[in-house]
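A short worksheet on the structure shown next.
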Amino acid sequence: MTIKDIHMHRVSIVYFSQAGTTALLAEAIGRGARADANVDVALLRIRPESIHEGRWQDDDTLHALADSDTIVFGAPTYMGGGAAQFKAFADATAHVWYQRQWKHKLAAGFTISGSPSGDKLHTLSYLSALAAQHGMVWLNWDELPRQADGTNRIGSFSGLMAQNHAPPGTPPALDPADELSAENFGRYISSSTRRLSRVVA
C-alpha cells in the first residue's frame with residue numbers, strides 16, 4: 001500500500017433544510033459517500049440562527065469547506081428556485097470567491113421539492129453557476145434513469161433531484177427510490193473525489 005492509497009479525502013455537504021426532507025437527502029448522500037473508507041464526510045447544515053438581517057455568518061463552516069476536496073451544495077426548491085437561506089450562505093462566500101479559496105475544488109449539488117418537477121432544474125442550475133463563480137469543477141451525475149431499483153427515477157443529470165414523499169402536515173419522508181438514489185449519488189461523489197481531486201488540484 002502506498003501513501004497515495006491511504007490519503008484521506010474530505011467531502012463536505014453544505015445544505016439548508018426547512019422541513020427536514022433536504023436533511024434526510026443530505027444524510028443519505030453522506031451514508032453513500034462514507035462507504036469509501038478513504039473519504040471523510042462532513043454534514044454542514046445552514047442554520048437560520050446564523051443569518052442576521054439577511055447576512056449569514058459561520059466561520060466554522062467556512063473553515064471546514066476550505067479544508068474539503070469536494071463541496072456538495074444542497075437546497076430545497078421553493079417557488080421555482082433555491083431557498084433564500086441557502087442564497088444568504090452563498091452571498092456570504094464573496095470573500096472566498098475574491099481570494100479564490102475554492103478554485104479547482106470539486107462541486108456537486110442536490111435539491112428536493114414537493115412535486116416531481118417543481119422547477120428543480122433552476123435550483124441545480126444556480127448551484128452549478130455558484131460553483132463556476134468559484135472556479136470549481138462541477139460533477140454531473142452519470143446514472144441512467146428508470147433503473148430497476150429506482151435509481152435516478154426523476155432522470156436528472158445535472159445533479160440529484162428528489163421529491164418530498166410525505167403528505168402535508170406529516171413528518172418528512174423520502175421516496176425509497178430517492179433515498180437509494182441519494183446513497184448511490186454519495187458513492188459517485190466519493191469515487192469521483194478519489195479519482196479527480198488530485199488531477200484538478
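Would you grab the residues whose amide H sits under 5 Å from the one on His9? Only those 5+ places off in sequence or on another chain, please, with H modelled 1.01 Å from N.
Long-range HN contacts for His9: Val39, Asp40.
At a 10 Å Cβ-Cβ cut-off, how would you order Phe185, Phe89, fewest neighbours first?
Details: Phe185 28, Phe89 25.
Listing Phe185, Phe89 from fewest to most nearby Cβ atoms yields Phe89, Phe185.
For Ala173 and Ala84, calculate 0.36 nm times their separation in residues minus their Cα-Cα distance, and state this gained length in nm to one decimal.
Numbers: separation 89, 0.36 × 89 = 32.04 nm, distance 2.22 nm.
Extending this stretch completely gives an extra 29.8 nm.
Over the chain, what is the relative contact order in whole percent, taking alpha-carbon pairs under 8 Å and six or more residues apart?
Values: 393 pairs, mean separation 50.7, N = 201.
The value is 25 percent.
Within a 10 angstrom radius of the beta carbon, how do Arg47, Arg55, Arg10 rank from fewest other beta carbons to most? List each step's numbers first, then the result.
Details: Arg47 13, Arg55 10, Arg10 17.
The fewest-first ordering by Cβ neighbours comes to Arg55, Arg47, Arg10.
For the range 18-93, what is the convex hull volume of its Cα atoms per residue in Å³? Write down the numbers at each step before the final one.
Values: hull volume 7.5 nm³, N = 76.
For the range 18-93, the hull spanned by Cα atoms encloses 99 Å³ per residue.
Can you give the extra length, in nm with one decimal, that the chain gains between Arg34 and Glu49 once fully stretched, where that is 0.36 nm per residue apart less the Cα-Cα distance?
Details: separation 15, 0.36 × 15 = 5.40 nm, distance 2.84 nm.
Taking Arg34 through Glu49 to full extension adds about 2.6 nm, to one decimal.
GNM, the chain, Cα, under 10 Å: largest mean-square fluctuation among Ala28, Ala64, Ala107?
Evaluated over the chain, the most mobile residue of the options is Ala64.
Run through the DSSP bridge list for the chain and note the antiparallel percent, rounded to the nearest 5.
Values: 5 of 30 bridges.
In the chain, approximately 15 percent of DSSP beta bridges are antiparallel ones.
Measuring from the lowest to the highest alpha carbon on each principal axis, how far does the chain reach, largest first, in angstroms?
Ordered largest first, the chain gives principal extents of 49, 46, 24 Å.
Just so you know, all these numbers are worked out from the coordinates, no wet-lab data involved. Owing to the predicted nature of the structure, the values given are computational and were not obtained by experimental measurement. We place every Cβ from the backbone using ideal geometry, glycine too, and count neighbours over all the protein chains shown.
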